[in-house]
Amino acid sequence: MSLSSEIAHNDIHAGSPVRRVATRAIFFVTGMAMGLWAALVPYAQLRTHSEAGDLGLLLLCLGAGSLLSMLGSGRIIGKFGCRAVIVAAVILYCLMLPLLAVFSDIWLLALSLFIFGMGIGLADVAVNVQGTLVEQAADKPLMSGFHCLWSVGGIAGAGGGALLLSAGITPLGSTFFAVVLVIALTAYSYRGMLPFGAHEDPEEGQPKARPNFRLVLMAVMAMICFMAEGAVLDWGGVFLTQDRGLALEHAGWGFAVFAVAMSLMRLTGDAIVSALGRKRILIIGGVLGIAGYLMVVLLPGWILPLCGFALVGIGAANIVPVLITLAGQEKVMPVNMAVAMVATLGYLGVLGGPALIGFIAHLSSLYVAFSAVAAAFLVITFGAYKLKY
């Protein structure tokens with residue numbers, strides 16, 4: 001049965017409000033789970049007595065688990081459908097969250113983080129596939145709003161977790177509240193999840209799953225955007241404190257202004273995409289990314305570089321949502337395969353980008369490393385002219 005036939009035979013149309021609410025809810029709860037883990041990291045370090053290097057390797061397990069599950073996610077979603085994969089992924093990371101709050105053995109914690117990452121990775125790809133199909137059926141931009149809910153979920157998880165922990169709730173108790181909320185929202189959204197995954201039968205015209213130049217270019221552009229985000233997260237505070245004189249206790253301000261700017265832009269992103277078009281969003285986003293990083297490396301003090309990080313957040317906010325949408329429109333691969341490819345290769349930017357920046361900084365300086373990120377945004381700016389809209 002083809003995708004269009006499956007939609008027609010479903011009791012809830014793919015573009016209906018019920019589908020949109022369910023998609024937003026899963027974006028939110030997955031972001032919240034990641035945000036809660038961020039609040040639990042210091043407690044995990046204390047329990048395991050980890051040094052900075054050990055903690056870095058421990059955190060790499062999360063990324064490795066996510067990447068591994070994303071590699072095969074396209075075929076899994078095509079076979080079992082978005083609903084089944086999302087539910088399985090949510091169950092997986094909900095089972096792991098309490099273990100992340102109590103394990104003191106570093107190897108058990110590493111294994112739990114790896115499995116937790118697998119659940120997050122599967123959920124991320126499946127909900128992006130669902131979001132793409134819902135957006136296509138609605139025939140209007142929705143993806144930026146979906147991604148905004150992931151960011152809001154991350155803020156809610158980190159901030160809510162911090163509030164619970166500061167109120168004297170144990171890490172395990174905090175995860176209990178989060179898991180209950182995640183399960184409740186997932187159950188509420190179940191009917192709105194798509195039972196199919198966009199995989200069509202070959203006899204009805206399904207193309208072979210081979211990426212073309214545009215899909216590869218989109219994946220590279222997504223990787224650059226994720227790398228820019230990872231650069232702010234991992235190196236922004238170091239640069240501001242060591243090279244711009246910001247107080248150490250305020251080191252997190254760089255990523256904070258970046259994240260707030262990105263969330264606000266995604267909140268209005270669908271309207272902006274409708275007004276300007278996807279091509280202009282990519283071009284303008286690339287230009288703003290270049291300008292933001294140049295402000296960071298060229299302007300004195302710490303206030304103007306902070307504004308530069310905010311500008312990067314504004315520019316990068318809608319690039320990945322637009323790329324996911326465009327990937328889903330390519331006809332050389334089914335939607336589930338195309339979206340999974342772009343999301344997976346893009347995720348490599350989060351994993352490898354900060355390490356690459358650290359390597360460049362080691363050979364020269366963070367000025368040069370951030371300048372290289374600014375130059376990389378040129379690929380997004382000029383690559384926008386090669387894509388199909």
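Some observations on this one:
- Residue within segment 31-39 that is at pLDDT 75 or above and open to solvent by 40 Å² or more (accessible area, probe 1.4 Å) present: yes
- In segment 131-170, of all residues being more than 21 Å from the chain's Cα centre (by Cα) and open to solvent by less than 30 Å² (accessible area, probe 1.4 Å), the one that is modelled with the highest pLDDT corresponds to Ala138.
- Of all residue pairs spaced 6 or more apart or on separate chains, those with beta-carbon atoms under 6 Å, a first member in segment 16-40 that is touching a residue at least 40 places away in the same chain (Cβ under 8 Å) and a second member that is not in a helix (DSSP H, G or I) are Val18/Ile12; Ala22/Met193.
- Scanning segment 51-68 for residues that are over 19 Å from the mean Cα position of the chain (by Cα) and either in contact (Cβ under 8 Å) with a residue 60 or more places away in the chain or more than 21 Å from Val350 (Cβ to Cβ) (or both) returns a single hit, Glu51.
- Inclusion of Arg280 among residues that are of a type in the set (Lys, Arg), open to solvent by 30 Å² or more (accessible area, probe 1.4 Å) and either free of Cβ contacts under 8 Å to residues at least 40 places away in the same chain or assigned to a helix (DSSP H, G or I) (or both) is warranted.
- Hits in segment 365-389 - residues which are under 23 Å from the mean Cα position of the chain (by Cα) and among the basic types (Lys, Arg): none
- Residue tally, condition touching a His at 6+ places or on another chain (Cβ under 9 Å) and either open to solvent by 10 Å² or more (accessible area, probe 1.4 Å) or free of Cβ contacts under 8 Å to residues at least 60 places away in the same chain (or both), over segment 217-261: 2
Listed here are the residues, each with its yes/no results for (1) within 12 Å of the chain's Cα centre (by Cα); (2) crowded, with 24+ Cβ neighbours inside 10 Å; (3) not β-branched (Val, Ile, Thr).
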residue	(1), (2), (3)
Pro321	yes, yes, yes
Glu330	no, no, yes
Val335	no, yes, no
Ala338	no, yes, yes
Ala343	yes, yes, yes
Gly346	yes, yes, yes
Val350	yes, no, no
Ala355	no, no, yes
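The values are calculated or read from the model by the stated rules, or taken from the named source; none is laboratory data. Source: prediction; values computed, not measured. No Cβ is skipped: glycine too gets one built from the backbone with ideal geometry, and neighbour counts run over all protein chains shown. Areas reflect the complete protein model, heavy atoms only, side chains present, ligands, DNA and RNA absent. Shrake-Rupley method; radii C 1.70, N 1.55, O 1.52, S 1.80 Å.
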